[in-house]
1. Does any residue in region 130-141 that is closer than 13 Å to THR87 by Cα come within less than 7 Å, Cβ to Cβ, of a residue that is of a type in the set (Ser, Thr, Tyr) six or more places away or on a different chain, and which pairs are these?
2. Taking region 57-94, which residues are within 20 Å of GLY178 (Cα to Cα) and surrounded by fewer than 21 Cβ atoms within 10 Å (Cβ to Cβ)?
3. On the given criteria, is GLY111 more than 14 Å from TRP165 (Cβ to Cβ) and touching a Gly at 6+ places or on another chain (Cβ under 6 Å)?
4. How many of the residues making up region 26-80 are over 22 Å from SER92 (Cβ atoms), touching a residue at least 60 places away in the same chain (Cβ under 8 Å), in a helix (DSSP H, G or I) and under 25 Å from the mean Cα position of the chain (by Cα)?
5. Name the single residue, out of those in region 150-172 being at pLDDT below 95 and aliphatic (A, V, I, L, M), that is nearest to ALA65 (Cα to Cα).
Amino acid sequence: MENKSKTKLLALILFIASEIMFFAGLLSAYWVIRSQIPNWPPPGQPRYPLEVTAFNSIILFSSLATLWMAEKKLSLKRNYLSWLIVTVAAGSCFLIIQGVEWFRLIQQGMGLIGNVYGGLFYVVVGVHALHVAAGLSVLIYLLLKSLKMKTAMESDSLQLGKVYWAFVVLLWPFIYVGLYVI
């Protein structure tokens with residue numbers, strides 16, 4: 001790995017470290033506020049969709065496995081685009097299912113404004129969804145770049161995309177357990 005690539009990787013790692021602190025703050029705020037409210041969830045509010053989100057979590061985790069396969073196939077210079085397409089599809093599916101979850105929760109009366117239960121949920125999960133969308137944008141860019149070049153992309157670009165995607169995917173269990181399970 002050349003110096004420029006090392007610098008980019010270091011910058012990405014520092015960015016991810018700051019994002020980990022940001023999410024730690026969000027989850028801490030959730031738990032502090034939750035500890036102050038005797039009935040959680042508040043009466044009349046729907047429960048977070050535990051089972052659907054568990055299935056959705058599996059989809060997100062599988063996207064990291066398919067991205068690792070894409071990287072492995074890239075080093076072999078064959079079939080990496082198929083794995084990258086599956087990764088983008090799985091990440092997109094995760095976002096779509098989350099959107100459907102949100103729509104159902106809103107229909108059941110869990111709003112964002114004037115509802116601390118809903119507000120906390122939508123902020124934490126929504127910020128994560130924005131990070132997933134950003135990661136998907138990077139992966140789609142890499143995919144389109146590879147298709148346009150008709151040759152294998154540089155492995156450094158895929159490595160940076162993989163590191164960010166791994167952050168997004170590996171952050172999710174903390175959110176899922178912290179909000180949905182406990």
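The values are calculated or read from the model by the stated rules, or taken from the named source; none is laboratory data. This is a predicted model, so every value here is computed, not measured. Note that we place each Cβ from the backbone using ideal geometry, even for glycine, and neighbour counts take in every protein chain shown.
1. GLY135/TYR164; LEU136/SER92; VAL138/TYR164; LEU139/THR87
2. SER57, ILE58, ILE59, PHE61, listed by residue number.
3. Taking the combined requirement at face value, the residue satisfies it.
4. The number of residues fulfilling the criteria is 8.
5. My answer is LEU158.
Rundown of residues vs (1) at pLDDT below 95; (2) within 24 Å of GLU19 (Cβ to Cβ); (3) surrounded by 20 or more Cβ atoms within 10 Å (Cβ to Cβ), yes/no style:
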position: GLY109; (1), (2), (3): yes, no, no
position: LEU112; (1), (2), (3): yes, yes, no
position: ASN115; (1), (2), (3): yes, no, no
position: GLY126; (1), (2), (3): no, yes, no
position: ALA134; (1), (2), (3): no, yes, no
position: SER137; (1), (2), (3): no, yes, no
position: LEU142; (1), (2), (3): yes, yes, yes
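Okay, residues lined up against (1) over 28 Å from GLN159 (Cβ atoms); (2) in contact with a Phe, Trp or Tyr (Cβ under 8 Å, 6 or more places away or on another chain):
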| site | (1), (2) |
| --- | --- |
| SER5 | no, no |
| ALA11 | no, no |
| SER18 | no, no |
| SER35 | yes, no |
| ASN39 | yes, no |
| GLU51 | yes, no |
| SER57 | no, yes |
| LEU64 | no, yes |
